[in-house]
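The values are calculated or read from the model by the stated rules, or taken from the named source; none is laboratory data. All figures in this text were calculated on a predicted structure; none of them were measured in a lab. Cβ sites come from the backbone with ideal geometry, for glycine too, and all protein chains shown count toward neighbours. To get the accessible areas, we keep the full protein, side chains included, count just its heavy atoms, and leave off ligands, DNA and RNA. Shrake-Rupley method; radii C 1.70, N 1.55, O 1.52, S 1.80 Å.
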Amino acid sequence: MKIKHLKNIIIVSFGFLLLFTAYGGLQALQSSLNPEKGLGVASLSVVYGCLIMSSLFLPPIIIKKIGCKWTIVASMCCYVTYSIGNFKPNWYSLIITSAILGIGGGPLWASKCTYLTISGIKYAHQTGKEKMDVVNQYFGIFFLIYQSSGIWGNLISSLVLNQNQNKVHYPKHADHVEIRAVGMEVFLKLTLSEAPNNISYSYCGANNCPKATPELSNTTTPVSGVSDIMRYTLMGIYTGSGVIAVLLIVIFLDQIDLSEEQKREDENPTIWNSLLGTIKQLKDIRQCLLIPLTMFSGFQQGFLSSDYTKAYITCALGIHFVGYVMICYGATNSISSMASGKLSQYTGRISLFMLAFYGVLFDDHKEAAFANYRLWESLGFVISFAYSNYLCVSVKLYIVLSILLIGMILYLVVEYLEYRKHKIMALDTNAVNMTES
């Protein structure tokens, strides 16, 4: 029985690994791969805009109708369409497939969470183990496998694009060398077989602006186009990875019985419960104070995947280096995630929360709290991608840093409110004890 349950968890994990190997690699490349009029970044904005709506409304309906397994399958097919749309990207194909992906994103993650949770609870009931221990173990296995997708997706993109024959060539040799002396000065004149363009790095990094003149954009930055052959190769690999993920789930994943879950859902209107629960959670002043910090997560990741990759990596080093740099980011992110649990023992919750953590403040309303987290983080993504085509990178940096500063200050207010609440509760408890004695 344990082997069967573990088999299903591993199948789900590797399915997501293959699927997000493709999507993660594509997301990091969009601003550089499809820069025409900001098409790539606009597509990401559509993805997260649709993801907000699908997360709020679709998961309960779809999961109840077709079950977790087939919800995962259908949602994965939505992700595959995005890879297909990148073969010949234009405003119709890419925006439509972005919307399809966003619509599938909400049900995909909800069905995955439901599948792992119910599997863990059922196995715990059969073995007499603590259900939360088993569920946490299953989620740990999932994220251990899934989070490596960032490494493989970016590695594939760099290895493929590194073969791109259209990237900028720097001078390799001189056909003719002329040396002449005038007084004490020596002039060296090179007639180059491969003369470089007027390459300048002054428009990279913080100075990168979308309103730079076409002449500057075309002649002074070492940004190179990607040949059709390289694009088709990369998209073929990514599409194949997504298709294999779908087939893996269809063939090997067992359907899970949701009868008990459905009974609970029949007692309540799940769609409106989910939506109203998310809205009611905003009555908690602590949740409202955490909105800027939560949105910062979306702003920060949006900046990383659109502006940082384009202005700092592609502009200065070339598009084929995007994957290598993002691999370093992903590896560091994984290491810090593993270390955060240990650090909390020494730094306490405040220090750790100000760096990365969320969700420990709402023990009684975890689902509504995390729904708000997904909502505000996704909104941060949408806004970040939406203004990406209109502002200079320097301005975006000020925006992201300002939101972080405001978020950290308001979080300290939350901690003060928590401290005051616990102090009042402690005083009340002491008063009751004294009265009883």
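For this structure, a couple of remarks:
- The listed residues are Gly318, Gly323, Gly341, Gly359, and the only one of them that is over 30 Å from Pro60 (Cα atoms) and at pLDDT below 65 turns out to be Gly341.
- Qualifying residue in region 121-140 (condition: small (Gly, Ala, Ser), modelled with pLDDT of 75 or more and open to solvent by 50 Å² or more (accessible area, probe 1.4 Å)): yes
- Looking only at residues in region 213-256 that are open to solvent by 60 Å² or more (accessible area, probe 1.4 Å) and acidic (Asp, Glu), the one that is modelled with the highest pLDDT is Asp228.
- Selection from region 104-123 of residues that are over 13 Å from Trp70 (Cα atoms), within 18 Å of the chain's Cα centre (by Cα) and without any contact (Cβ under 8 Å) to a residue 40 or more places away in the chain: Cys113
- Residue selected from region 29-66 under the condition modelled with pLDDT under 85 and under 19 Å from Asn389 (Cβ atoms), by the criterion nearest to the chain's Cα centre (by Cα): Ser31
- For Leu101, the conditions (1) under 16 Å from the mean Cα position of the chain (by Cα); (2) hydrophobic (A, V, I, L, M, F, W, C); (3) surrounded by fewer than 22 Cβ atoms within 10 Å (Cβ to Cβ) are fulfilled apart from (3).
- Pro107 at pLDDT below 85 and either basic (Lys, Arg) or buried (at least 20 other Cβ atoms within 10 Å of the Cβ) (or both): no
- Filtered by the rule that a residue be of a type in the set (Phe, Trp, Tyr) and surrounded by fewer than 22 Cβ atoms within 10 Å (Cβ to Cβ), region 304-318 gives a lone residue, Tyr312.
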